[in-house]
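Here's the structure, in structure tokens; my notes come after.
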Amino acid sequence: MIKSMTGYGAAAGRSGKSELSVEVKSVNNRYLDSNIKLPRVFTSFEETLKVIIGEKISRGKVDVYISIDSSNADDIEIKINQPLVKAYVTALRTIAWDNELSSDIRVADLTRFPDILQAQKREVDTEKLCTDISNVLKAALSDLDEMRIREGEKLCRDISARLDEIEKLTDTAAVLSPKSIEEYRQKLETRMNEILQSSNIDEARILTEAAVFADRVSINEETVRLRSHISQLRQMLISNEPVGRKIDFLVQEFNREANTIGAKGNDTEMSKVIVELKAEIEKIREQAQNIE
């Protein structure tokens with residue numbers, strides 16, 4: 001079961017009264033490249049979150065967007081500066097006593113003085129928040145994974161169809177090769193007849209030349225290796241492990257065998273087969289760029 005490197009996933013959750021949301025987007029990349037965007041005050045969580053991403057994804061460019069909405073959270077508390085309150089009360093009473101004034105002191109009067117009341121945020125339980133964000137991230141990654149699997153199934157079907165076509169073209173090339181050898185033998189015999197203008201041609205020499213030519217243009221080894229590569233790639237397509245890099249390498253081997261067969265082929269029919277063969281291999285190479 002192969003997976004695409006391209007996908008999108010999202011999830012939401014809560015941490016206390018704060019609302020959490022996570023979006024994950026992934027695209028093709030040779031290696032794993034994780035970029036996490038979250039409020040600056042929580043950047044200390046980044047490495048922990050990257051480890052979680054690495055457990056789910058082996059390669060690809062992954063962008064993670066994390067938002068924390070604390071607008072409904074009751075994390076603000078008002079603190080009273082008691083020493084300052086007592087100092088102001090003492091001062092007000094002294095003023096009243098010295099000036100024979102009423103010493104009625106109201107709370108509203110005190111709150112007008114600076115620094116009597118101070119609004120502060122309650123301490124955040126960072127460990128719990130990190131755990132909650134991690135859980136939402138895991139849910140978003142699972143959502144992403146479902147999309148990557150669906151895309152992987154499409155890639156698998158397309159590559160399988162192209163492997164079937166490559167197998168047919170390999171069989172065709174194997175059939176054409178002996179035909180080209182026989183044609184070479186006939187052309188050689190005709191040419192020697194023309195040059196020598198005689199029917200007394202040394203048949204043994206013709207057979208020797210044909211045998212040398214056959215050995216030089218034989219594609220048996222290449223077709224055997226191509227069929228082996230086809231079998232290997234089919235096994236990779238049903239693997240549960242990331243195989244994108246292995247497929248990249250194997251496709252290079254496909255191309256190597258196709259190029260060798262093309263170099264050995266010396267007729268129009270074989271050339272057409274090689275062109276089609278290389279076109280199918282190139283399409284697989286393009287699709288392999290999307291596989292994890």
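General observations
- Residue in segment 36-50 that is surrounded by 18 or more Cβ atoms within 10 Å (Cβ to Cβ), in contact with an Asp or Glu (Cβ under 9 Å, 6 or more places away or on another chain) and not aliphatic (A, V, I, L, M) present: no
- Among residues of segment 107-119, those that are at pLDDT 80 or above and basic (Lys, Arg), counted: 0
- Failed item, numbered, when Lys272 is tested on (1) surrounded by 14 or more Cβ atoms within 10 Å (Cβ to Cβ); (2) under 19 Å from Leu163 (Cα atoms); (3) at pLDDT below 95; (4) touching a helix residue (DSSP H, G or I) at 6+ places or on another chain (Cβ under 9 Å): (4)
- Summed over segment 1-28, residues that are surrounded by fewer than 13 Cβ atoms within 10 Å (Cβ to Cβ) and closer than 26 Å to Arg157 by Cα total 1.
- Annotation: of all residues in segment 61-104 being surrounded by 13 or more Cβ atoms within 10 Å (Cβ to Cβ) and at pLDDT below 80, the one that is farthest from the chain's Cα centre (by Cα) is Ala96.
- Tally, over segment 252-269, of residues that are over 19 Å from Leu163 (Cα atoms) and in contact with a Leu (Cβ under 9 Å, 6 or more places away or on another chain): 3
- Note on segment 220-265: among residues that are in contact (Cβ under 8 Å) with a residue 24 or more places away in the chain and exposed (fewer than 14 other Cβ atoms within 10 Å of the Cβ), the one that is farthest from Ile2 (Cα to Cα) is Asn220.
- Residue match in segment 230-246 (condition: part of a loop (DSSP other than H, G, I, E, B) and either over 17 Å from the mean Cα position of the chain (by Cα) or among the hydrophobic types (A, V, I, L, M, F, W, C) (or both)): yes
The values are calculated or read from the model by the stated rules, or taken from the named source; none is laboratory data. Here the structure is a predicted model, which is why all the values come from computation and not from measurement. Glycine gets a Cβ as well: all are built from the backbone with ideal geometry, and neighbour counts include every protein chain shown.
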